[in-house]
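Following: one structure in structure tokens, then a few remarks.
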Amino acid sequence: MVFMMTLVSLMVNPFAAAYDHYQDESGDEDFPTLERISPERSTKIEKILDQYKRTGERKSCLPLRSISQIKALDDRHFLVTTSSNRKYINVVSKGCNGAARAFNRLQYSTTSAQLCRNEIISVVDNLTGFSLGSCGVGIFFELKER
């Protein structure tokens, strides 16, 4: 059984994220830190992420039916919202070219009922239907509202 999910990227402009206040003291190499992200700062992304703090919970997979929204903050960083209104930050490998551009969508297929680390996400141009690139899903780090 193959599940196909298409999600529209909601952010109009790609921004580089700054996570200096999200650095992981435990040395978790998968969690985004300023050293592993472009030094350019985006106040819009900071304002979004300032609403949350890290819970320390991390998941390799999320059930597809629980995912209600994936918002591309830029080409590497996605804010995932579940139907229970839980929020996760996910950093994809090497970036999904054009993920945060208007009129592009994220598309993936999986053989299970979950979206898991290392699953491949494609960015598709809604106007032409052409794939603009793909990337691998990272770990889902849970965030909690401040």
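Each value in this text was obtained by applying a stated rule to the coordinates, not by laboratory testing. Small disclaimer: the values here were computed from a predicted structure and weren't measured. Glycine also receives a Cβ, built like all others from the backbone with ideal geometry; neighbour counts cover every protein chain displayed.
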> Of all residues in segment 87-106, which are surrounded by fewer than 18 Cβ atoms within 10 Å (Cβ to Cβ) and either among the hydroxyl-bearing types (Ser, Thr, Tyr) or farther than 16 Å from residue 74 by Cα (or both)?
Replying inline: 93
> Got at least one residue in segment 62-73 being touching a His at 6+ places or on another chain (Cβ under 9 Å) and surrounded by 15 or more Cβ atoms within 10 Å (Cβ to Cβ)?
Replying inline: no
> If you scan segment 91-146, which residues turn out to be more than 15 Å from the chain's Cα centre (by Cα) and either basic (Lys, Arg) or part of a loop (DSSP other than H, G, I, E, B) (or both)?
Replying inline: 102, 103, 111, 112, 113, 126, 127, 128, 129, 130, 144, 146
>> Please determine whether any residue of segment 113-121 is crowded, with 18+ Cβ neighbours inside 10 Å and under 27 Å from residue 43 (Cα atoms).
In response: yes
